[in-house]
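Have a look at the structure below, then the notes.
We did not get these values from a lab; they are worked out from the coordinates using the rules stated. Just so it is clear, the model here is predicted, and its values are computed rather than measured. Note that each Cβ is placed from the backbone with ideal geometry, even for glycine, and that neighbours are counted across all protein chains shown.
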Amino acid sequence: MSSQKNTAKLELYRSHIEEDPMFFDKSWKILDDGIREIYRNNPGGLSFEELYRTAHNLVVQQHGQKLYGKVTETLKGHLEEICRSVEDAQGWLFLEELQKRWDDHNKALRNVRDILMYMDKAVITTFKKTPVLDLGRELWRDIVVRSSKIHGRLLDTLLELIYRERMGYVINRGLIRRTTKMLMDLGSSVYRYDFEKPFLAVSESFYSVESQQFIECCDCGEYLKKVQRRLAEELDRVSQYMDSKCADKITSIVETEMLSNHMQRLILMENSGLVNMLIDDKREDLTRMYKLFKRIPDGHSTIRSVMTSHVKETGKALVTDPERLKDPVDFVQCLLNEKDKYNEIIRVSFRNDMTFQSALNSSFEYFINLNNRVPEFISLYVDDKLRKGVKGPNEEDVETVLDKVMILFGYLQEKDVFEKYYKQHLAKRLLSGKSTSDEAERSMLVRLKTECGYQFTSKLEGMFTDLKTSQDTMQSFYATFCGYTDGLTISVQILTTGSWPTQPCTPCNLPPEITDISESFRAYYLGTHNGRRLTWQTNMGNADIKATFRYRRHELNVSTYQMCVLMLFNSADGLTYSDIEQATAIPHAELKRCLQSLACVKGKNVLRKEPMSKDISEGDTFYYNDKFTSKLVKVKIGTVVAQKETEPEKMETRQRVEEDRKPHIEAAIVRVMKSRRVLDHNSIITEVTMQLQSRFLPNPLAIKKRIESLIEREFLERDKVDRRIYRYLA
Amino acid sequence: MVITGASEKVALQSLKASDWHLEGAFDVFYSQPQVAVTNCRHLEELYNRYKEQDADMIMVEGISQLCEDLQVDPQDIVMLVISWHMKASTMCEFSHEEFIGGLQSIGVDSIEKLCEKLPSLRAELKDDQKFREIYNFAFTWAKEKGQKSLSLETAIGMWQLLFAERHWPLIDYWCQFLQVRHNKAISRDTWSQLLEFVKTIDPQLTNYDEEGAWPYLIDEFVEYLIENGVVQRSK
């Protein structure tokens, strides 16, 4: 009964509504018109409520899907219209028209969505359709943006504008921004495929072309400036009217096209490339290059390797240039200047980059060791500074200069050669009292101790001690000495043989006055020091002699040999070479030098020579030059200054260095073998080289010879089975 | 000992083995595989023939006589082999012990027997192991008493002698090189390493390795050969 009733009710309900077969069409017409008005921008005259209700009813009546279909069609139709009007737009108005229409469309779409909201909700979930808003966008995309007439033109227009901007024109950035925003709103893949990808491709060829042009006409510095500018521009562009994720992509294109592709050419550019920048200290350009090349692969490593070869080359030229090598002090100053220069460049332009610093170090190490006289020269440089005091180009003080010198020292492979020369030069300085600052000397010692160990400096310190002790000895000598001195005083420096690099010398014949007092001293000394032996080193030492000439008295400061010669003239006016030779027993070569300095040097010619030639020959005769004059009362004749060695001296020193190395090598071999017991040949060479590297670089052949010597002396033996292996014999 | 002519050592052994019974000892003795029977008395007589008048050694004169009796040249290498058997400490001298001991170990007790043995002695040089021993022995034997090294002249003489037996094509260059470039005494290590060099490295030096820990003198020799175009530098 009730069901009947229900059914009846339902039927009643349904049939009531389904009465009207034109219901859909009527309703649709209302909506269609409404949508049209909306699209004409004329929503004013419409009743929202009515439209909403109509749509609502349609959906309720199960016409939702059909409605959706109709809506879709209608929208399409409107969009097609829009499309045509956009297509018809001329020139630049095209974009504007597109934008305007897009805005309108969005507004309209929202209105439409509002009206159809019920449908939206109902149909979407049930029939899995795209929501109206999205639908509107998709249709826009497919019909308008991707229409055959619009698609290409849109892209071209955008790219054209960007091109113009790149070429320096001002463009309507706002318009482009809205356009790209539109594309982004349509979907990121739309933006990406319809705009970004082609944009990047076009940019690539743009920059490829531009970089080619620039590089033909610009020098390196200018080119890099342009690159920097372009990079900044592109970043700005992206921030103004593109998706920010594009920034990296476009930057990398600029980097590749403008920098990577031309890297070699830029760095190596003649007259303006890296090398020229380094030579001319173009800090700004270098900084820019460093910053820019940091961005590209191998950028820095290329810069580093070009810098390294340049430094090595200029360094090599410097150390092999005979002109430069004539003045050792100047030469070393050049080296220091070079180092300073590059230190500055690395600090200022390369941000103190450690990799560059170590590349610089290895370049220096390479070329400094190309010339085996450099250790000697460095010692001469220090000698010069310690004698004259330091007046560095920048008013640097001693400590700073010595620090810098020690850095050069650190690059030396043959530190033992330096040591030998340093000892010689130090000895000369100390004995002639020529060092300006005791403090500076000690400071240098401390540095050497740090580098070379206590053994080296212990001998040097011995030298200082000797001098101090000598002073004390002299004081007590004079306190006790009461002999007749005839106004003559001596000052003795007693040198311990082991510490000083003195050459053995047979004493010459001293004038009798000197002999007296010196023998008194000897007696005094040996009286207080048992078991020692004293030998006068007449090849060193100096004397102050009061000499009376016709016009004036002078005080002459001369070497010991010179003194012996001059004193002879107290009892004779003229003497031949052989007279002098016999009387003084000074060796030939020294005597010649001595006489030359006394007779042949202008302003110092206290002796007169016949004949008046420049050179000393054995037949010459010498006379006391009564007519000698000098502006100064005290005249210094021929001091002993450390000179660059002559060839034979150099050979001798080198030989001694080689000899000294032998015990070091042997000691190293024994140390190694003692701990390893059994070791093969090549490993010994490696280990020994490592042990000695702070002093010098041993020659593998020298090591081999020492090994054989040790085998001979039964410290080592060869293994019976494998002859390449050695054993330690305890 | 008198009867069998055996050495004291062998006699003692035989007696021990037979529990100190004399007859048994003879059995033991004669049943032993005899390597050689040497007669002590004969050896002493031989020794006395050659020894110096007023010293208990055989010296240059005695050795000359010995060589004459053997009909060999004193420079003949077989004398070296004999000296080796004798473990002679220095050339041109044999002590009493060395002489007797040496002949016993060779297994002879008369000049005739020794003569017969000469070919087999010479043959010992063909044996690799023995050659090496003899070669290394030669160094100590040929050098002056109290010296550590062998004088160059003597060394060259010895080398020429030794490498006549064991052919080495570079021997002449080696001697030349030493005279021209080295001119100093030869160390023991160099001496013994040279044999290794001869044995392992081929005359064209194709398998010579610079890193091979050869004595530097040998390295210099190789340089010498290359400089003079005798061999090509490898690599």
Legend entry - Charged-residue dipole, Cβ positions (Lys, Arg, Asp, Glu), chain A about Cα centre, Debye nearest 20: 1020 debye
Legend entry - Modelled label reach - residue A:62, point 7 Å along Cα→Cβ, the stretch A:124-145 residues with backbone N closer than 20 Å: A:124-129
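Using a ≥ b ≥ c from the Cα gyration tensor of the stretch A:641-730 (square roots of the eigenvalues), is it rounded, prolate or oblate, where a/c under 1.5 gives rounded and otherwise the larger of a/b and b/c decides, a/b for prolate?
Working: a/c = 3.00, a/b = 2.48, b/c = 1.21.
Because a/c hits 1.5 or more and a/b exceeds b/c, the stretch A:641-730 counts as prolate.
Please give the charge dipole size of the stretch B:47-194, origin at the Cα centre, charges +1 on K and R Cβ atoms and -1 on D and E Cβ atoms. Round to the nearest 20 debye.
Values: 16 positive and 23 negative charges, 144 e Å.
Here the size comes out at about 700 debye.
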Legend entry - Residue-wise HN-Hα coupling along the stretch B:79-96, computed from phi with Karplus coefficients 6.51, -1.76, 1.60 (Hz; x: Gly, Pro): 5, 5, 4, 4, 4, 5, 4, 6, 6, 5, 7, 8, 5, 6, 8, 10, 7, 3
Inset, instruction - List every residue whose amide H lies under 5 Å from the amide H of residue A:129, counting only residues 5 or more places away in sequence or on a different chain, with H placed 1.01 Å from N in the peptide plane. - result: A:124
Legend entry - Cα-based reach from residue A:704 at 29 Å (exclusive), listing lysines while leaving out same-chain residues under 8 positions away: A:415, A:420, A:650, A:662, A:674, A:720, B:143, B:145, B:148, B:184, B:199, B:235
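Between residue A:649 and residue A:24, what length comes free when the chain is fully extended (0.36 nm per residue of separation minus the Cα-Cα distance, one decimal in nm)?
Details: separation 625, 0.36 × 625 = 225.00 nm, distance 12.15 nm.
Taking 0.36 nm per residue and subtracting the Cα distance, the gain is 212.8 nm.
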Legend entry - the stretch A:584-674, relative contact order in percent, only Cα pairs under 8 angstrom and at least six apart counted: 18 percent
Legend entry - Interchain or long-range residues, amide H under 5 Å from residue B:57's placed H: B:52
Inset, instruction - Please turn the phi angles of the stretch A:211-219 into ³J(HN,Hα) values with the Karplus equation 6.51 cos²θ - 1.76 cosθ + 1.60 (θ = phi - 60°), one per residue in order, whole Hz, x for glycine and proline. - result: 4, 4, 4, 4, 5, 6, 10, 10, 8
Inset, instruction - Could you work out the relative contact order of the stretch B:106-180, using alpha carbon pairs under 8 angstrom and six or more residues apart, expressed as a whole percent? - result: 20 percent
Inset, instruction - Averaged over every viewing direction, what's the projected area of the C-alpha convex hull for the protein assembly as shown? Give it in nm², one decimal, please. - result: 93.4 nm²
Inset, instruction - Would you mind computing, in nm to one decimal, how far apart the modelled labels at residue A:683 and residue A:627 are, each placed 7 Å from Cα along Cα→Cβ? - result: 8.2 nm
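Rounded to a whole number, what is D in µm²/s for the stretch A:109-189 from Stokes-Einstein with the Kirkwood radius over alpha-carbon pairs (37 °C, 0.692 mPa s)? Don't skip to the end; give the middle numbers.
On the way: Rh = 14.8 Å.
Answer, rounded: 221 µm²/s.
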Inset, instruction - Measure off 7 Å from each Cα along the Cα-to-Cβ vector at residue A:494 and residue B:145, then give the distance between these two points in nanometres to one decimal. - result: 5.0 nm
Inset, instruction - Name the residue farthest towards the positive end of the dipole of chain A from the options A:189, A:475, A:63, assuming +1 on Cβ of Lys and Arg, -1 on Cβ of Asp and Glu, about the Cα centre. - result: A:475
Inset, instruction - Using the Karplus curve 6.51 cos²θ - 1.76 cosθ + 1.60 with θ = phi - 60°, work out ³J(HN,Hα) for each residue of the stretch A:437-446 in order, rounded to whole Hz, and write x for Gly and Pro. - result: 9, 4, 4, 5, 4, 5, 4, 5, 4, 4
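Tell me, what does the Kirkwood hydrodynamic radius of the stretch A:456-600 come to in angstroms if you use every pair of distinct C-alpha atoms?
Working: mean 1/r = 0.0586 Å⁻¹.
About 17.1 Å for the stretch A:456-600.
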Inset, instruction - Obtain the nm distance between the two label points defined at residue A:614 and residue B:92 by a simple spin-label model: each point lies 7 Å from its Cα along the Cα-to-C-beta direction. - result: 6.2 nm
Legend entry - Under-5 Å amide H pairs with residue A:636, H placed in peptide plane, nonlocal only: A:557
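So what is the relative contact order for chain A, in percent, with contacts set as C-alpha pairs under 8 Å and at least six apart?
Relative contact order of chain A: 7 percent.
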